[in-house]
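Have a look at the structure below, then the notes.
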Amino acid sequence: MKYALDSGIQKKGDKVDAYEVQKTLEGYHAPITATVVKRLEEAGAELAQHAGYEANMVAVEKGMATFALNTDVGGEVMAAAENGLYGLRPSYGAISRYGMIASASSMDAIGVTAKTPEDIREALMLIAGPDGMDSTVFDDLATGAKSGSMRVRELELDEVRVKTAEVAHMVIRAAETASSYYRYDGIRFGHRAKDAKSLKDLYNKSRAEGLTEDSKKWILFGTYVLLGENIERCLIKAQKVRTMIIEALEKEMVTTEVLSGSDLGVIAALAGLPVVITPEGKQYIGKRKSDLALLQFVADMKEAK
Amino acid sequence: MSDKYEMTIGIECHVQLATKTKLFSGIDNDARDKEPNACVSPGDYAIPGTLPVLNEAAVGLAIRGGLALKGKVNLKSRFDRKHYFYPDLPGGYQRTQFFHPIIGEGEVVLPNGNRVGIHHAHLEEDAGKLTHFGDYSLVDLNRAGTPLIEIVSHPDIHSAEDARLFAEELWRLMTYSGACLGDLYHGNMRFDVNVSVAEKGAKELGIRTEIKNINSFRSIERAAAYEFERHVALIENGEAVKRETRGWNDATGKTTGQRSKETADDYLQFPDSDVPPLNLTKEYVDEIAAKMPKLPQDYRAVFREAGVADKTIETLLDHQVLAERLGQVLEITDMKITIKVANLFVGTLLAEENSGLNYRAASAERLAELAKMNEDGELSSTATKQVLVALYNKNNGEKLTKALAKEMNLLQENNDAALGAIIDEVLADKAAASAIADIKNGEQKAIGFLIGLIMKKSQGKANPGRARELLLKKIG
């Protein structure tokens with residue numbers, strides 16, 4: 001079995017160039033191997049390519065790899081449909097993040113794309129499960145209803161709700177990304193500015209030169225939402241929205257196991273719930289930890305057609 | 001002048017927890033004799049993609065430390081990220097419990113009865129160490145990630161002496177509870193002393209300065225006293241006290257300004273989602289509480305009641321093993337014997353020439369026997385000290401004290417017949433003749449001379465009190 005791997009997921013010795021932090025990691029070779037890679041290596045899977053997520057999806061589409069593992073912070077895996085593939089953004093804590101370049105730690109996940117839900121399921125069986133290196137991983141992926149008894153209902157979201165979720169996601173993502181990127185300081189690894197006059201100058205120049213414009217925007221925004229009283233107005237409010245979303249979804253799923261709809265990527269990321277997209281662009285959210293059942297549900301839908 | 005003013009002190013203390021490994025990585029926590037950067041995991045180095053995994057042992061020790069402070073153990077606590085750029089902080093943020101600390105309100109009672117409230121104590125990781133050379137600095141991350149609890153007191157302290165007493169008591173509480181090894185030389189406990197001065201009776205506190213990173217008790221007292229005088233002088237001169245961080249220089253006996261704190265730093269604290277919230281069960285905490293040893297205040301109360309002198313008690317309390325032993329002695333004997341053992345500990349065992357002895361070696365039974373033998377006149381005070389030290393020799397572990405004293409040939413001669421024979425010998429000596437005459441003429445001094453001869457002849461074993469009685473009887 002072959003797989004394609006996101007460049008933001010490390011394999012010891014390989015170059016790392018997660019797109020957000022590209023320059024600051026110039027010349028940097030991974031000193032560690034991600035848990036998912038280790039598990040795939042142990043299972044005898046072969047690394048087809050270690051590249052960006054678009055290239056990886058193409059590799060799956062062309063049959064060069066059975067599945068691709070890509071970093072996902074807000075439903076990026078939903079792009080699978082554009083390539084005619086299935087995609088899963090797993091429950092938060094289903095797959096170890098160890099070795100994945102962090103941005104928004106509470107929403108970072110490793111997404112899986114493949115031609116069939118069965119292939120995703122097979123990948124998940126290999127890579128999911130408790131890891132001594134990541135304490136947020138849970139150990140009971142098998143829970144959740146069996147697909148036979150799964151009911152599905154359309155989740156109706158008006159534009160205001162979608163936008164509110166997006167803003168909350170953006171605020172939390174910014175705060176956490178700004179925090180995660182503190183380590184790109186040029187002191188221990190990666191790009192270090194020449195001719196710095198002082199320690200402060202070294203930090204300023206190394207980061208100004210090393211981080212991409214996109215990263216800087218996240219850092220500025222993230223610092224803003226954390227600074228002084230802003231934390232109350234921005235981050236804490238965003239976290240309240242997040243809690244409301246989690247509670248609302250729990251309520252929605254009292255009488256149903258699966259919710260279908262559109263624009264579910266961000267909502268799933270905020271709530272830590274698994275979400276699957278089909279090649280036709282249909283999106284399904286399941287209960288937390290019900291990833292395998294959700295994949296089975298999607299596979300059954302495919303059969304039924 | 002100073003009488004007009006009162007000082008108010010609050011103390012923050014960083015306590016290094018005695019775990020084998022770091023707070024969030026499985027790397028050796030003790031780097032005392034190691035090369036720089038020898039104890040550093042990828043996570044301690046903040047390699048991208050690494051994640052923290054909480055060391056449960058640190059949680060247990062934090063709870064022990066918290067219980068020693070009579071602190072409330074919060075069943076729910078959480079870790080936050082505290083951000084700043086400095087090369088000793090590899091990830092750019094310190095994992096600490098800013099919003100929800102593991103230990104809530106507590107209290108420390110000083111030996112003089114003054115009470116100091118504890119605001120809270122939280123778990124956090126230590127930073128690394130920077131060494132500066134001419135135009136460059138080197139970073140050592142061995143200490144980065146070492147588990148600490150930071151204990152924050154209320155501003156309840158009002159004298160430099162109490163500041164020292166509080167620090168000393170904290171040291172005892174942390175070492176007794178096993179939370180910390182208490183090696184001050186290696187920075188196991190580091191104190192930040194916040195001092196402010198205001199006129200007595202004033203409603204508001206003065207501007208405070210923070211003296212950072214003091215690691216000796218005496219320096220705490222000196223630094224606080226110095227700050228008090230400095231603040232008073234400024235106030236008397238109509239100058240403003242600047243809100244700042246200051247450093248203590250032990251050699252000059254002065255504090256010097258380091259960093260102005262006019263504007264509060266913003267560390268952008270927010271929850272670290274990489275570490276799941278810490279949820280403890282009451283059973284878990286109760287189990288730890290049930291295994292807590294006796295604390296200094298417990299021993300202090302008991303020893304005071306037994307009549308041991310306060311100064312002796314405080315010296316003893318710096319040695320948990322000895323305090324425990326004396327407690328056992330008290331349980332099997334009486335107050336008189338206990339006081340004797342306490343004095344032997346402080347006067348002899350803790351004397352410099354006996355440093356390096358294993359204080360666990362002698363059991364309470366042997367110590368009680370020793371004090372009793374001294375009490376009963378079987379051992380002179382000099383011999384008692386010699387036998388005491390011998391009890392701590394590992395070769396003597398199994399011996400009864402009397403057998404050991406006999407083996408050392410130190411038992412006093414209490415047998416009247418034997419003692420009488422020695423006295424007769426001394427009196428028969430020509431050297432004694434004039435002394436005997438003197439005594440008969442009422443010159444008491446001469447008695448001492450003869451006792452000296454008797455002691456010499458008996459090789460120090462004669463009981464001087466009994467010898468005196470017999471001597472006087474013989475001379476008539």
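Would you work out if chain B is rounded, prolate or oblate? Take a ≥ b ≥ c from the square roots of the eigenvalues of the alpha-carbon gyration tensor; rounded if a/c is under 1.5, else prolate when a/b is larger than b/c, oblate otherwise.
Values: a/c = 2.75, a/b = 2.05, b/c = 1.35.
Here chain B falls in the prolate category.
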Query raised in the report: Hey, rough spin-label estimate for B:Ala361 and B:Asp429, points 7 angstrom out along Cα→Cβ, what's it come to in nanometres?
Result: 3.5 nm
Report task. Obtain the nm distance between the two label points defined at B:Asn114 and A:Glu42 by a simple spin-label model: each point lies 7 Å from its Cα along the Cα-to-C-beta direction. Result -> 5.9 nm
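Hey, what's the protein assembly as shown come to in accessible area per residue, 1.4 Å probe, Å²?
Details: 35470 Å² over 781 residues.
Per-residue accessible area for the protein assembly as shown comes out at 45 Å².
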Requested in this report: With all protein chains present, calculate the accessible area of B:Glu283 using a 1.4 Å probe and round the result to the nearest 10 Å².
Outcome: 120 Å²
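What is the gain in length, in nm to one decimal, between B:Ala421 and B:Lys20 on full extension, counting 0.36 nm per residue of separation less the C-alpha to C-alpha distance? Numbers along the way, then the final one.
On the way: separation 401, 0.36 × 401 = 144.36 nm, distance 6.51 nm.
The B:Ala421-B:Lys20 span can extend by a further 137.8 nm.
To one decimal place, what Kirkwood hydrodynamic radius in Å is obtained for segment A:160-242 from all pairs of distinct Cα atoms? Before the final figure, lay out the partial values.
Working: mean 1/r = 0.0722 Å⁻¹.
One decimal place: 13.8 Å for the Kirkwood radius.
Considering only protein heavy atoms and a 1.4 Å probe, what is the carbon-and-sulfur percentage of the accessible area of chain A?
Values: 6900 of 13000 Å².
Heavy-atom surface of chain A belonging to carbon and sulfur, 1.4 Å probe: 53 percent.
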Query - Positive-pole candidate from B:Ala362, B:Gly347, B:Ala309, dipole of segment B:294-407, charges at beta carbon - result: B:Ala362
Query raised in the report: Over segment A:160-242, what is the mean sequence separation of C-alpha contacts under 8 Å (at least six apart), divided by residue count, expressed as relative contact order in percent?
Result: 46 percent
Report summary line: Here, B:Glu287 and A:Glu303, labelled 7 Å along Cα→Cβ, have an inter-label distance in nm of 4.5 nm
Query - Shape of the protein assembly as shown, Cα gyration tensor, a/c cut at 1.5 - result: prolate
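Just to verify a number: FRET efficiency for A:Lys194 and B:Lys399, C-beta to C-beta distance, R0 = 60 Å, to 0.05?
Details: r = 74 Å, r/R0 = 1.23.
So the FRET efficiency works out to roughly 0.25.
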Query raised in the report: How far, in degrees from 0 to 90, does helix A:237-252 lean away from the longest principal axis of the Cα atoms of chain A, to the nearest 10?
Result: 10 degrees
Query raised in the report: Given 0.36 nm per residue, what is the gain on full extension from A:Lys12 to A:Thr256 after removing their alpha carbon distance, in nm?
Result: 83.5 nm
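At 1.4 Å probe size, with the rest of the protein present, what percent of the exposed accessible area of segment B:2-284 is carbon and sulfur atoms?
Details: 6130 of 12110 Å².
Carbon plus sulfur share of accessible area: 51 percent.
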**Report entry** Cα long-axis angle, helix B:160-176 against chain B (0 to 90 degrees, to the nearest 10)
**Finding:** 90 degrees
**Report entry** Amide H partners (placed H, <5 Å) of B:Ile157, local residues excluded
**Finding:** B:Ile9
Query raised in the report: Taking amide H positions as placed 1.01 Å from N in the peptide plane, with prolines and chain starts having none, which residues 5 or more places from A:Met100, or on another chain, fall under 5 Å of its amide H?
Result: A:Gln10
Query raised in the report: Roughly how many whole Å is it from the C-alpha centroid of segment B:239-289 to that of segment A:49-114?
Result: 41 Å
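Mind checking the mean number of beta-carbon atoms from other chains within 10 Å of the Cβ atoms in B:86-92? Could the numbers behind the result be given before it?
Values: counts 4, 6, 1, 4, 6, 5, 10.
Averaged over the peptide's residues, the number is 5.
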Query raised in the report: Does anything in segment A:83-112 have its amide N under 18 Å from the 7 Å Cα→Cβ label point of A:Glu54, and if so which residues?
Result: A:83-85
Report task. Quick one: dipole size for the protein assembly as shown, taken about the Cα centre, charges +1 on Lys/Arg Cβ and -1 on Asp/Glu Cβ, in debye to the nearest 20. Result -> 1380 debye
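Going by average Cβ density within 10 Å per residue, which order do the peptides B:110-120, B:362-372 take, highest to lowest?
Working: B:110-120: 16.6, B:362-372: 21.7.
Result, highest mean Cβ count within 10 Å first: B:362-372, B:110-120.
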Query - Unit charges on C-beta of K, R, D, E only; dipole of segment B:416-475, Debye - result: 120 debye
Requested in this report: Please report, in debye to the nearest 20, how large the charge dipole of segment A:160-242 is about its Cα centre when each Lys and Arg carries +1 at its beta carbon and each Asp and Glu carries -1 there.
Outcome: 120 debye
Report summary line: Mean per-residue count of partner chain Cβ within 10 Å for A:222-229 equals 2
Query - Residue-by-residue Karplus 3J(HN,Hα) for segment B:322-338, coefficients 6.51, -1.76, 1.60, Hz, glycine and proline x - result: 6, 4, 4, 5, 5, x, 5, 4, 4, 5, 9, 10, 10, 4, 4, 5, 4
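Among residues other than A:Ala208 whose Cβ falls under 11 Å from its Cβ, what is the net charge (Lys/Arg +1, Asp/Glu -1)?
Net charge around A:Ala208: +1.
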Requested in this report: Using only the Cα atoms of segment B:2-284, construct the convex hull and provide its projected area averaged over every direction, in square nanometres to one decimal.
Outcome: 16.3 nm²
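Provide the buried accessible surface between chains B and A in square angstrom, both chains summed, 1.4 Å probe, rounded to the nearest 100.
Details: alone 23930 and 14350 Å², together 35470 Å².
Result for this pair: about 2800 Å² buried.
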Query - chain B: angle of helix B:296-305 to the longest principal axis, Cα-based, in degrees nearest 10 - result: 30 degrees
Query raised in the report: At a 1.4 Å probe radius, carbon and sulfur cover how many percent of the accessible area of segment B:364-430?
Result: 49 percent
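Cβ neighbours within 10 Å, averaged per peptide: list B:34-45, A:68-79 in order, most packed at the top.
Numbers: B:34-45: 18.0, A:68-79: 25.0.
Going from most to least packed, we get A:68-79, B:34-45.
For chain A, what proportion of DSSP beta bridges, expressed in % and rounded to the nearest 5, is antiparallel?
Values: 23 of 34 bridges.
Of those bridges, close to 70 percent are antiparallel.
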Report summary line: Heavy-atom accessible area of A:Lys62, protein chains in place, probe 1.4 angstrom, given in Å² to nearest 10, is 150 Å²
Query raised in the report: Quick one: how many Å² of B:Val232 are accessible to a 1.4 Å probe, rounded to 10?
Result: 10 Å²
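Other chains' Cβ within 10 Å of A:176-188 residues: what's the mean?
Across the residues of A:176-188, the mean count of other-chain Cβ atoms within 10 Å is 6.
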**Report entry** Minimum 20 Å² accessible area buried by the other protein chains, segment A:129-143 residues, probe 1.4 Å, relative to alone
**Finding:** A:Gly132, A:Met133, A:Ser135, A:Thr136
Requested in this report: Using the structure shown, select from B:Lys82/B:Lys212; A:Lys15/A:Lys163; A:Lys194/B:Lys34; A:Lys38/A:Lys115 the pairs with a Cα to Cα distance greater than 26 angstrom.
Outcome: A:Lys15/A:Lys163; A:Lys194/B:Lys34
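The values are calculated or read from the model by the stated rules, or taken from the named source; none is laboratory data. Just so it is clear, the structure is predicted and the values come from calculations on it, not from any experiment. Backbone-built Cβ (ideal geometry, glycine too); neighbour counts: all protein chains shown. The protein model used for the area step is the full one, side chains on, heavy atoms only, and it has no ligands, DNA or RNA in it. Shrake-Rupley method; radii C 1.70, N 1.55, O 1.52, S 1.80 Å.
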